[in-house]
Amino acid sequence: MKKLLLILALLFTVATVHAQPACWRTSADIDLSECVTEFDGDIKEPEVYEMKGGYKLILRPVAWVEEEMRIRATQVYIEKDGKLRLLPDSDACSEDLVNKYMFRYDGVDFDDYFIITIYGGEYTHYLYEKSSGKMVLKYANSVSKPIYRENLLIYNDGDGENESVHLLDLKSLKKYTFDPFNYAQKENVLLYGTYWWNSAFQILAADSNKATIEFWGLYKPIFDEKHELIDSEDYSITFDIELK
């Protein structure tokens, strides 16, 4: 029981692993090969990704033993001009819950920000500012990859009746809150939302004046002559959001 509680605590609690948040340090100050030896003796190299603006993202695996349980985690660094910064949050989990529950990078790279993702029952996305290493946004939904185009990001917050969806302009940091069901009402057909509606978006096009968004988190019921429900079909709409 104690081991199970420890696993759950490590899985769902964000914790800094083996190092405290630091200011920029030279690459020579940190040995990235330290603590990356797998328990079977193999060496797991850090993952390195090139990002816009001359930045690099480094996902560094670490491993250690705590109360006879083998623990793994990912430390996240950004590198610029030969200097490294350890981001504040690194997640830990047991050896049995490896890859799926580790930080990963899906190439979501904006001019001044980037996103890393981790899974824990749903996908949690972390938006970081490159220059400061500061986490500016955290949100969770059912899609493994964030919904974005150029420097625009769609995200959700709240839950239940209080859940909202927003379009964030990462150039101006302006947030545009919108309700896709208001647009759906203009279709003059009976529509219902799916349970995964909060992630059923795509930014089809964008310029300095507007963003065109497709929303497919809808279905249209099909009734027979007695007005009894016999089937349903997927339904999508397209609408514009003005960027002021």
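Our coupling estimate for the range 231-236, obtained by passing each phi through the Karplus curve with A = 6.51, B = -1.76, C = 1.60 and θ = phi - 60°, is 5, 8, 9, 5, 9, 10 Hz, Gly and Pro reported as x.
The alpha carbon radius of gyration of the range 108-224, expressed as a multiple of 2.2 N^0.38 Å, is 1.15. Taking a 22 Å limit on the Cα-Cα distance, which of the listed pairs K52/K134; K174/K210; K83/K145; K138/K186; K44/K138 fall beyond it? Beyond 22 Å between Cα atoms: K83/K145; K138/K186; K44/K138. Averaging the sequence gap over all C-alpha pairs within less than 8 Å and six or more residues apart, then dividing by the number of residues, gives the range 136-244 a relative contact order of 19 percent.
Accessible area of V48 (1.4 Å probe, protein heavy atoms only, ligands and nucleic acids ignored): about 80 Å².
Volume per residue for the range 193-244 equals 85 cubic angstrom (convex hull of Cα atoms). Accessible surface of R72, taken over heavy atoms with a 1.4 Å probe and every protein chain present, rounds to 40 Å².
For S236, the accessible area of its heavy atoms, probed at 1.4 Å with every protein chain present, is near 60 square angstrom. A crude spin-label estimate for the pair D179 and N209, with each label 7 Å from Cα along the Cβ direction, gives 2.8 nm.
For the range 158-224, the average shadow cast by the Cα convex hull is 5.8 nm², which is a quarter of the hull's surface.
Of the residues D112, D234, D224, ranked by 1.4 Å probe accessible area with the largest first, the sequence reads D234, D112, D224.
The values are calculated or read from the model by the stated rules, or taken from the named source; none is laboratory data. Note that this is a predicted model, so its numbers are computed, not measured. Methodologically, a virtual Cβ is constructed for each residue, glycine included, from the backbone with ideal geometry; neighbour enumeration extends over all protein chains shown. Accessible surface areas use protein heavy atoms only, side chains included; no ligands, DNA or RNA. Shrake-Rupley method; radii C 1.70, N 1.55, O 1.52, S 1.80 Å.
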